[in-house]
């Protein structure tokens, strides 16, 4: 009888321990489920340009302010992938990035123009990225070094050198149609990793014409009395540069019609997309919704508004996820006639065609 009592006590004790452990496991699992999604995690932000430009600035603003509004306030870090004018970053994000909410992509309008140009190096489809939102800085501001301005319309002079990263940025369309419709005397070079390197080359006179929507860069160059401002992209003037004509104004009655103008609008149109933020393809809808909601909250953060204004001037605004997604789809839809026209004008000007 005594032995049975001892055995019963052993069994009862084992059962009690198992019961307590089971309760603790269930409680721990419930607690883990109740924890904010990003608590204790690290969010990586891929940036499709080198440090110092507008895309990098947007990525670092996101890295600084988005975690404040994400549940769990994750740690963040930025990884720049400028190679190929951002093609490396786009390919990586499409093919490699995991759809787990821990990697997001600060892209630019070049994502759309590169995809539309096509070619063997393009292994991504921006229509499959999950839009989180986008920052638009207003139209890009086209500048020329003051000492060469007279050469721009002198066909007998040495051509003005236009510099770019990959030969596909949206503002570059102004220079090609300026050459065709306004007689601008230009030649084009490309291969700079990003805006920071282009600005350095511009200051040194290696390139003589470029554009950016980064107001801080433009204002610095104006203060240094290095540049004349020619035009801004789009149909309307920027509020913070009211005396600078839009490129459409500059064209006036020389604005082309038909396929030529459709091609211009298709190339320059993604400018409105500017700095989109994406999650990888196949990211679960609840995670995308969480990122979208936090992006909206970030856009209303007074400190974010102040800092973004310091970077981009008075003309910037934020576009929501659906509007960003709609714009991506709109600017990747084009007829074969327009595509052929774009390929021909790129080839004519010595720019990459993607074919």
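Ranked by Cβ crowding within 10 angstrom, fewest neighbours first, how are 77, 312 ordered?
By the 10 Å Cβ count, ascending, the order reads 77, 312.
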Long-range alpha-carbon pairs in region 57-115, meaning those over 18 Å apart, account in percent for 39 percent
Angstrom value of the Kirkwood radius, inverse mean 1/r, which spans all Cα pairs in region 115-185:
15.2 Å
Equivalent ellipsoid, region 47-89 (semi-axes from 5 times Cα gyration tensor eigenvalues, Å):
23, 10, 7
Please report, in cubic angstrom per residue, the volume enclosed by the convex hull of the alpha-carbon atoms of region 197-253.
91 Å³
When every alpha-carbon pair in region 141-270 is counted, what percent end up more than 17 Å apart?
56 percent
The distance between the Cα centres of region 82-139 and region 194-250, in whole Å, is 25 Å
Hydrodynamic radius of the chain per Kirkwood, over alpha carbon pairs, in Å
22.2 Å
Taking the Cα atoms only, what angle lies between the long axis of helix 54-69 and the longest principal axis of the chain, rounded to 10 degrees?
30 degrees
In degrees from 0 to 90, rounded to the nearest 10, what is the angle of the helix 302-312 Cα long axis to the longest principal axis of the chain?
30 degrees
DSSP beta bridges in region 141-270, what fraction antiparallel, as a percent rounded to 5?
55 percent
The chain: relative contact order as a whole-number percent, Cα under 8 Å and 6+ apart:
24 percent
Taking the beta-carbon count within 10 Å as an exposure proxy, list 291, 61 from fewest neighbours to most.
61, 291
Between 0 and 90 degrees, rounded to the nearest ten: what's the tilt of helix 336-348 against the longest Cα principal axis of the chain?
60 degrees
Estimated Rh, region 217-351: Kirkwood, alpha-carbon pairs, angstrom:
18.1 Å
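When DSSP beta bridges are limited to those with both residues in the chain, what percentage is antiparallel, rounded to the nearest 5?
55 percent
Throughout, read-outs are computed from the coordinates displayed, never taken from laboratory work. This is a predicted model, so every value here is computed, not measured. Methodologically, a virtual Cβ is constructed for each residue, glycine included, from the backbone with ideal geometry; neighbour enumeration extends over all protein chains shown.
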